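Worksheet for the structure shown next.
The values are calculated or read from the model by the stated rules, or taken from the named source; none is laboratory data. No experiment lies behind these values; they were computed from the predicted model shown. Positions of Cβ are backbone-derived with ideal geometry, glycine not excepted, and every protein chain shown enters the neighbour counts.
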Amino acid sequence: MAKIVSIPLAIIMSLISLFLPGKIENPNKDQWSTNYPYVFVHGLMGWGEYDSQYKLMPYWGMFGGELLGKLDDKGYDCYGASVSGTASAWDRACELYAQLTGSVVDYGKAHSERCGHERYGTDYTGKALIEKWDSENKINLLGHSFGGATIRVFATLMAKGDEAEINSTPADEISPLFTGDKADWIYSLTSLAAPHNGTTAYGLENSMPDNTDSAAYDMFIDHAMEINKNMVTDENTYYFSIPCTATTKKDDGTFKADKDRMEILFHSSADEIGMLKGTTSGGYVVDESWFENDGLVNTVSAKAPSDAPSQDFDKENIVSGVWNVMPVYEGDHMSLQGGFFKVNTDVERLYTEHLDMINRLSQEN
């Protein structure tokens, strides 16, 4: 009997790749009005391109394969920022700015003194995430989970700056992030399963009153609502949100984890969120509308920030200055990353269609 030679799969795939085309030509390019870079911002405990673990396990794509590279191959210019996994939306916004500009992270004189931490952080000089960024060379921002809060704080600082930082910092040393008047550097924002108005995954009462400079603090409903009061919805910027659901309504009105769609990691929290109602210490009433969820974030909270103008997505009437709420996506909290144990094979199509839609928009609409 002839001896069967075993060839490693990696070698086979490498040989096959030699005969496959490289970048896929996108047939929709002729219909694009813009093609600004897309900057993806991860959520709580996440990671991005600056982090070594990204090559081992990409946050964007997970076990389904690196997503941003696939989108690059279709003509979209995509980047994955690396911000703190546990810090507040403010601190993460400062880190994002430094990565985009290739500068030293400046958390702000007033903020760092108030919160009791160092003013300056990592030096990204010479390591800018994108080559050029200004009012003519805009960016599109996408934020998953707490990354959604991060890009909203970031965009607000770009638009109006911060009065406390302006008043406390000499003009020759203040970060341009805090001086405002740069709303037109951002073309669009897309939140992905983001807790705009907080989440009940942590309960209704703040259990960490002394740690006000953290992601966990910002995600309590009362604190998220307070952040919302200072957020800007710029009239010339496009806003989109993609809420998720992976729970099922039961006869008693509560929602339970759909185990066919939801990662086992979220089953317990989904069930708890799906029956929790009451009143926060700040007086906000959480009712049955908060039951439906994706395992970590309440679906209703992921639709649009409180006090911000919003409308259901209408492809014939996409307007700037308003949160365009996309149809609720059937998937759990990790589905928009590409899934973990439950690999989401649909996620590449989802982003391809979404980015294509944004590229077709123009500010003259």
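The figures follow:
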| item | result |
| --- | --- |
| In the range 171-189, the residues that are in contact with a Gly (Cβ under 9 Å, 6 or more places away or on another chain) and polar (S, T, N, Q) | S175, T179 |
| Extreme residue, nearest to S191 (Cα to Cα), among residues of the range 324-365 that are surrounded by 22 or more Cβ atoms within 10 Å (Cβ to Cβ) and either free of Cβ contacts under 8 Å to residues at least 40 places away in the same chain or among the hydrophobic types (A, V, I, L, M, F, W, C) (or both) | L336 |
| Some residue of the range 217-238 being in a strand (DSSP E or B) and under 16 Å from G143 (Cα atoms) | yes |
| Residues (touching a Leu at 6+ places or on another chain (Cβ under 6 Å) and within 19 Å of S52 (Cβ to Cβ)) located in the range 68-114 | Y79, G80, A81, V83, Q99 |
| Flag for H111 being in contact with a His (Cβ under 7 Å, 6 or more places away or on another chain), crowded, with 19+ Cβ neighbours inside 10 Å and either over 17 Å from V232 (Cα atoms) or small (G, A, S) (or both) | no |
| Every pair of residues 6+ apart whose Cβ atoms lie under 9 Å, when the first sits in the range 204-216 and is under 18 Å from C115 (Cα atoms) and in a strand (DSSP E or B) while the second is of a type in the set (G, A, S) and at pLDDT 90 or above | S214/A87; S214/S88 |
| Members of the range 93-137 that are basic (K, R), part of a helix (DSSP H, G or I) and without any contact (Cβ under 8 Å) to a residue 60 or more places away in the chain | R114 |
| In the range 49-83, residue farthest from G121 (Cα to Cα) [restricted to those that are assigned to a helix (DSSP H, G or I) and small (G, A, S)] | G64 |
| Among (1) farther than 18 Å from S191 by Cβ; (2) touching a residue at least 40 places away in the same chain (Cβ under 8 Å); (3) surrounded by fewer than 21 Cβ atoms within 10 Å (Cβ to Cβ), the one test that M231 misses | (1) |
| Residue match in the range 328-342 (condition: closer than 30 Å to E66 by Cβ and not in a loop (DSSP other than H, G, I, E, B)) | yes |
| First in the range 158-172 and on the phi > 0 side of the Ramachandran plot, second anywhere and of a type in the set (S, T, Y), Cβ under 6 Å, 6 or more apart | G161/T179 |
| Total residues in the range 241-292, condition assigned to a helix (DSSP H, G or I) and farther than 25 Å from G339 by Cα | 2 |
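Table: residues versus (1) surrounded by fewer than 18 Cβ atoms within 10 Å (Cβ to Cβ); (2) of a type outside the set (A, V, I, L, M).
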position: F63; (1), (2): yes, yes
position: C78; (1), (2): no, yes
position: A87; (1), (2): no, no
position: R92; (1), (2): no, yes
position: Y107; (1), (2): no, yes
position: E136; (1), (2): yes, yes
position: L142; (1), (2): no, no
position: I166; (1), (2): yes, no
position: I174; (1), (2): no, no
